[in-house]
Amino acid sequence: MATIGWIGLGNMGGPMTANLVAAGHTVRGFDVDPAAVSAAEAGGLIGVSSIADAVNGVDAVFTMLPKGEHARAVYLGDDGVLAHAATTTLLVDSSTIDIESAAALHEAAADKGFRFVDAPVSGGISGAKAGTLTFMIGGEEGAVKDATALIEPMAKNIIPTGGATTGQAAKICNNLMLFINLAATAEGAVLADRLGLDKQVFWDIASVSSGDSWALRTWYPVPGVVDTAASNNDFAPTFTAELANKDIGLAIAAARDTNTPLEIGEHVQQLFQRLLDDDQGGKDCSMIIKLVDGSL
Ligand code: NAD
């Protein structure tokens, strides 16, 4: 069994560490938010008060942070991972970040003699809790293999994507599709309601028909239909509108760099921007339905 340092214990990181602990690993965790550390301690994690403490003497470090700027600060800062970990420590970044930041982390880690992989995940907090996430891992083959062994208790699917930053490339494209599907699901759900269909009857049809998607089955934005949906909980965040806006923004930036027209993606990004402009960035991204039903 390994000793693992974990940085970033939010909606995803907290439940992911509980699965590592349940598998017999020792996990030392840090978050700038003390409440996140306390919540993760309930899953058996040892809470610590700095990055230096979290990475001291561990076999591997995982990070699960909001954006590229946070990951850069955590790895590259004076008090960060590269400054304090031993170079034998395997580094695994599971945050969803821009490709440029991921490349900078790979390069800085390699310069100092560390092995680093980009290993973002899909599956939402329901997948994080159940240990059924999909991991997509980019990096050098040996490092990917060693990371895979540690990731197993958190995952149903672990898919090597190729060299450095290819995990992030896969994640960015996947999430572009997710958020377009979420917007489509919100439009279908509201129109079905206005045509007099019962919400459960319509969901039962769409979930076994060509309107099906992960967003429909996991995040249905109408309350009282899907257990895992934030809509049941007044849109308390499982995946914030702010992070959804970030992810679709990453796809749009990558599309501009590659001359790829994303007309639908750009439109969906404007919907998330409207949620942010309305101070709803901290709520769940499935609140996008309120822009369709007119309640926002
Ligand atoms: P979150 O905001 O709930 O958690 C992020 C945590 O990082 C917070 O607790 C925050 O306090 C902490 N943090 C920020 N800066 C820090 C620092 N410098 N040092 C230590 N801790 C710091 O976000 P989340 O929903 O857990 O998502 C994390 C990442 O995973 C994001 O990149 C997101 O896009 C991605 N992701 C999220 C989901 C989801 O459904 N929520 C699914 C797949 C991937």
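Where a number appears in this text, it was derived from the coordinates with a stated rule and is not lab data. Small disclaimer: the values here were computed from a predicted structure and weren't measured. For neighbour counting, all protein chains shown are included, and Cβ atoms are generated from backbone atoms with ideal geometry for every residue, glycine included.
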What does DSSP give for the chain in terms of the percent of beta bridges that are antiparallel, rounded to the nearest 5?
15 percent
Expressed in nanometres to one decimal, the distance between label points 7 Å along Cα→Cβ at I159 and A86 is 3.6 nm
Nearest-ten-degree value, helix 99-111 long axis tilted from longest Cα axis of the chain
10 degrees
Need the C-alpha centroid separation for region 233-259 versus region 56-133, integer Å.
20 Å
Restricting attention to the alpha-carbon atoms of region 157-196, what are Rg (one decimal) and Dmax (integer), both in Å?
16.0, 51
Calculated P(r) tail over 35 Å for the chain, as whole % of Cα pairs:
19 percent
Please list, in order along region 218-234, the HN-Hα scalar couplings obtained from phi with the Karplus expression 6.51 cos²θ - 1.76 cosθ + 1.60 (θ = phi - 60°), rounded to whole Hz, x for Gly and Pro.
10, 10, 3, x, 9, x, x, 10, 10, 4, 7, 7, 5, 4, 6, 10, 6
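Normalized C-alpha radius of gyration of region 1-106, against 2.2 N^0.38 Å?
Values: Rg = 12.5 Å, N = 106, 2.2 N^0.38 = 12.9 Å.
So region 1-106 has a normalised radius of gyration of 0.97.
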At 222 nm, what value in deg cm²/dmol follows for the chain if DSSP H runs of at least 4 each add -39500 (n - 2.57) and the sum is divided by all its residues, to the nearest 500?
-14500 deg cm²/dmol
What percent does the relative contact order of the chain come to when contacts are Cα pairs within less than 8 Å and at least six residues apart?
13 percent
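About the Cα centre of region 172-258, how large is the charge dipole given +1 on each Lys and Arg Cβ and -1 on each Asp and Glu Cβ? Please answer in debye to the nearest 20. The partial results should precede the final answer.
On the way: 5 positive and 10 negative charges, 31 e Å.
That gives region 172-258 a dipole magnitude of about 140 debye.
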Packing-based ranking, highest mean first, of 98-105, 87-94 given that Cβ atoms within 10 Å are counted
87-94, 98-105
To the nearest 10 degrees, how steeply does helix 241-257 sit against the main Cα axis of the chain, on a 0 to 90 scale?
80 degrees
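Any idea what the dipole of region 1-146 comes to, in debye rounded to 20, about its Cα centre with Lys/Arg Cβ at +1 and Asp/Glu Cβ at -1? Don't skip to the answer; put the middle values down first.
Values: 7 positive and 17 negative charges, 83 e Å.
The calculation lands at about 400 debye.
Can you flag which of K67/K246; K112/K246; K67/K283; K171/K246 are past 19 Å Cα-Cα?
Details: K67/K246 8 Å; K112/K246 30 Å; K67/K283 17 Å; K171/K246 12 Å.
Table pairs above 19 Å Cα-Cα are K112/K246.
Which value, in debye to the nearest 20, describes the size of the charge dipole of the chain about its Cα centre when Lys and Arg Cβ atoms bear +1, Asp and Glu Cβ atoms bear -1, and nothing else is charged? Write down the numbers at each step before the final one.
Working: 17 positive and 35 negative charges, 91 e Å.
Magnitude of the dipole: close to 440 debye.
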Compactness summary of region 169-293: radius of gyration and Dmax from Cα atoms, Å, are 14.3, 45
